[in-house]
Each structure stands twice: as structure tokens, then as C-alpha cells.
Amino acid sequence: MIRIANGQGFWGDSPDAPLDQVRRGPIDYLTLDYLAEVTMSILQKQRSRDPELGYARDFVDVVDRVLPDLVSKNIRLVANAGGLNPEACRRAVRAVAARHGIDVPIATVSGDDITTRLDELLARGVDFINMDTGEPLSVIRDQVRSASVYFGAFPIAQALDGGARIVITGRCADAALVLGPMIHEFGWKADEWDKLAAGIVAGHAIECGAQGSGGNCQDDWSTIPALADVGYPIVEAEADGSFVVTKHAGTGGRVTVASVTEQLVYEIGDPRAYLTPDCGADFTSFHLKQEGAERVRFVGVRGTPATPSYKVSISYAAGYRAIGSVAYAWPDAYRKAQAGARILAERVSRLGFEFEAVHSELLGANACHGIPSAEPSPELAAQLPEVVMRFGVRSKNRAAVDRFTKEIAPLVLSGPPSVTGLGAGRPKVEEVVAYWPALIPRTEVSPVVSL
């Protein structure tokens with residue numbers, strides 16, 4: 001049995017969680033998941049300004065704090081913090097290790113960044129059809145910012161086979177961070193679909209950090225203990241593919257069938273065909289069983305063969321946006337906010353610019369639901385002590401969006417009364433980054449493992 005602990009569910013997650021996973025109980029592997037679709041475009045912007053950037057820099061700080069413990073406790077670290085520049089990330093980590101006087105084998109998995117290969121691949125007949133709209137990439141080719149292939153777990157296992165104590169990948173499937181160590185430890189083959197699928201399900205169960213151990217949980221959430229000291233999830237995996245999700249003793253949160261199930265339904269699409277680079281997993285095939293306090297066992301995971309394609313995450317520039325807000329106080333806060341939104345919409349319409357979207361919402365009244373049936377009753381609306389009116393626009397024309405930003409502040413003295421807050425001042429113009437999901441034949445790209 002091996003214990004694989006996740007200490008990071010996204011870039012920006014708790015900086016202390018990795019240390020807690022290492023120091024508060026026994027583990028064999030620590031995984032850290034930093035990448036989301038929009039993260040890749042952020043990293044591309046950073047790399048365009050400095051060729052030594054393009055990776056999750058927070059990861060280097062984590063390594064600085066946790067490396068001595070990793071070495072003394074013989075724990076291996078697997079992270080996708082390499083983003084668009086795994087080699088630069090490795091150099092930064094090696095510098096940290098040198099300051100500690102530690103010589104540790106570090107592997108990178110690269111080859112996933114195909115941004116500079118797009119024209120070549122398009123010429124070879126790879127159209128990168130948008131999986132949602134059916135459009136070819138040529139529609140937005142000149143707007144592309146980044147393009148990354150989701151690799152699987154076998155390159156990670158290869159790096160571990162080679163002796164790496166730290167593995168830094170670029171874009172890979174989130175669950176591959178957990179499956180890779182299983183393949184390495186148990187010697188699973190590329191066609192053992194049920195075992196591979198079990199590793200995928202295990203990885204999916206803990207990939208979002210504390211969301212797999214009681215955080216963001218709807219199941220009687222007010223009774224979940226000590227969320228201020230929540231324990232992040234751990235997988236106890238065995239060679240036959242069976243595994244348990246748990247957390248360190250003495251930590252807050254909750255690991256029950258209900259709490260773990262909430263994480264399982266996150267972003268799975270078709271539950272009978274959860275597709276990854278390594279296999280498909282049937283989420284209707286297995287059962288969860290409470291196996292004592294803070295322990296949930298998974299039984300009966302079934303897998304299907306891998307597809308002939310990899311998924312590609314492409315980000316592209318899709319114009320600009322700005323969002324501002326104004327807070328109105330009682331009495332009649334709801335009516336004031338409604339009127340403020342109407343007045344602002346009229347003024348925007350007279351600016352002489354074309355906007356692709358103009359949107360308002362009333363925080364404190366109906367912003368979370370956004371449906372007519374959720375509107376507050378007249379009696380409730382009259383009692384609301386404050387309502388925040390948020391107003392945003394989007395356009396391909398930056399000048400149009402910039403002009404809109406000058407309309408929020410005047411509303412304070414030329415609109416409804418009792419304004420108590422003006423957001424953070426004049427809104428900032430932000431570039432809109434959109435997501436283009438596509439497929440690429442496996443034959444067109446290969447992962448590169450470097451130790």
C-alpha cells in the first residue's frame with residue numbers, strides 16, 4: 001500500500017497545506033495541482049515578458065519550505081507546476097535545493113506546449129475543431145495565446161522509474177498526478193484498463209484539495225468540524241486497484257461517502273465515459289463504502305481503452321471587459337439598485353460604441369440564481385439592508401470598454417441616493433481570455449521526459 005496526498009487543488013490554494021500533508025502523518029507521495037485552463041494563458045503572458053517565467057512560481061516557495069522534510073522522510077513530489085516552462089521551473093527548484101545543500105534528482109515532463117507548432121499542424125490537416133461549437137481553429141488563429149496537450153500518467157511513471165524524487169510536468173490530466181505514482185509502484189501496464197481507471201478515479205477524488213475532504217460540501221455543512229484546520233485528502237492505494245480516501249488524524253473536515261461523492265461529480269461529463277489520456281473510467285461502475293471514521297473505500301472501478309486522441313487546451317484573446325459596482329443602502333436599497341442599473345444601461349447605450357455584452361446583477365437580491373423565480377418578494381425586497389449593483393460590459397474594442405469605466409463614478413451623484421460604496425474605484429479594463437477545446441491525434445505529439 002502507498003499513501004498519496006494532495007496538497008494543492010489549484011494555483012492559489014493554501015500555501016500551508018503541502019507542509020501539513022508532509023508533517024502531520026505518514027505519506028509516500030505529495031501531489032500538487034496548479035493548472036487550470038485560464039492559468040495557461042496567464043503563464044503565457046508571463047513568459048512573453050520574461051523567458052525564465054511561465055510556471056507556477058508559488059511552487060518554488062513551497063519546495064523551499066518543504067524540501068528538507070521530503071528528503072528526511074523519503075517522500076516524492078509530483079506537480080504540474082511547470083506550466084509552459086518546466087525547464088525554467090526546474091532551474092528555480094534546483095537553486096532552492098542548492099541553498100539547502102541538497103542534491104535531489106528532478107525530472108521534467110514537457111512536449112505538451114504546441115503553441116509554436118500550430119501552423120505546422122494545421123498545414124498537416126489537424127484542424128483543431130472546437131469540441132463545443134464545431135468551428136475550425138482558423139476562425140480565431142490570430143487570437144491564440146497558448147495551446148497545450150493534456151498528457152497522461154505514464155511519462156510521470158517513467159520519470160519516477162528513472163529515479164526522480166521531484167517530477168515537474170507541464171499540462172497533464174489532473175488525475176495523472178496520482179495515477180503516475182501508482183503505475184510506478186505497482187508496475188501496471190498500459191492495457192490494464194480497470195486498474196488504470198481506478199487510479200484515475202482516485203486522482204479525481206483528491207485533485208481539488210480540501211473539496212474532497214469536507215470543504216465546499218453541501219452535506220450538513222454547518223456540522224463539519226474545524227474547517228479552519230481542514231485536512232487535505234489522501235489516497236491509500238493497493239496494487240489490485242482498490243483504494244481508500246482518508247485524511248490525517250486530528251485534522252478538521254470530513255471524509256464520508258457523501259462528502260467524497262460531491263467531489264466525484266465535479267467536471268466529469270458523461271459519467272459512463274470519463275475520458276483521460278490513459279483510459280476511460282465508468283463512474284457508474286463502482287461503489288463507495290464507509291470503512292470507519294474518515295475513511296471511504298472504493299470498490300469495483302471499471303475502465304475502457306484509451307482513445308486515439310489527446311485533448312488540447314487552447315486559450316485565445318476574445319476582446320475586453322470591465323466590471324464596476326455601487327452599493328446602495330436602506331431604505332429601498334433594492335429599488336435604488338434596480339434604478340441605478342437602468343440608468344447606467346441607458347447611458348452606456350448613448351456612448352456610441354458597440355458592445356457584445358452589457359450585463360448587470362444585484363448582489364444581495366438575486367445575483368447567485370439569476371432567474372425570475374428567485375427574485376425577492378416585494379416584502380423581502382423592502383427589508384434588504386443593502387444591495388450591491390454590479391455592472392459590466394464586453395467588447396472587442398478596448399476604447400469602448402475604457403470609455404465605459406468612466407460612467408460608474410458619476411452615478412454616485414447623478415443617480416439614486418444612499419450610495420455607500422464604489423467597489424475599488426474606477427473599473428480596470430481586462431483582456432477576456434476564452435477557451436477552445438480540441439483534439440489532436442496521439443501520433444502528432446510525444447511527451448519528453450528529462451531527468
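The values are calculated or read from the model by the stated rules, or taken from the named source; none is laboratory data. Model, not experiment: these values are computed from the prediction. Backbone-built Cβ (ideal geometry, glycine too); neighbour counts: all protein chains shown.
Annotations
- Strands (runs of 3 or more DSSP E) lying entirely in the stretch 380-451 (those with 2 or more residues that are modelled with pLDDT of 95 or more): 386-395, 430-441, 448-450
- Against the numbered list (1) buried (at least 21 other Cβ atoms within 10 Å of the Cβ); (2) modelled with pLDDT under 95, LEU77 comes up short only at (2).
- Among the candidates SER373, SER377, SER395, the residue that is buried (at least 17 other Cβ atoms within 10 Å of the Cβ) and of a type in the set (Gly, Ala, Ser) is uniquely SER395.
- Residues in the stretch 305-339 that are of a type outside the set (S, T, N, Q), part of a helix (DSSP H, G or I) and out of contact with any Phe, Trp or Tyr (no Cβ under 7 Å at 6 or more places or on another chain): ALA333, TYR334, ARG335, ALA339.
- Strands (runs of 3 or more DSSP E) wholly inside the stretch 143-258 containing at least 2 residues that are of a type in the set (Ser, Thr, Tyr): 144-149
- Qualifying residue in the stretch 47-57 (condition: in contact (Cβ under 8 Å) with a residue 12 or more places away in the chain, surrounded by 21 or more Cβ atoms within 10 Å (Cβ to Cβ) and of a type in the set (Ser, Thr, Tyr)): yes
- Of GLY214, GLY163, GLY187, all but one fail to be modelled with pLDDT of 95 or more and buried (at least 24 other Cβ atoms within 10 Å of the Cβ); the exception is GLY214.
- Residues of the stretch 379-421 that are out of contact with any His (no Cβ under 9 Å at 6 or more places or on another chain), closer than 16 Å to GLY364 by Cβ and not β-branched (Val, Ile, Thr): GLU379, LEU380, ALA381, ALA382, GLN383, LEU384, PRO385, GLU386, MET389, PRO416, SER418, GLY421.
- Failed criterion for TYR316 (all others in (1) of a type in the set (Phe, Trp, Tyr); (2) buried (at least 16 other Cβ atoms within 10 Å of the Cβ); (3) over 22 Å from the mean Cα position of the chain (by Cα) hold): (3)
- Any hit, the stretch 164-182, residues being free of Cβ contacts under 8 Å to residues at least 60 places away in the same chain and not basic (Lys, Arg): no
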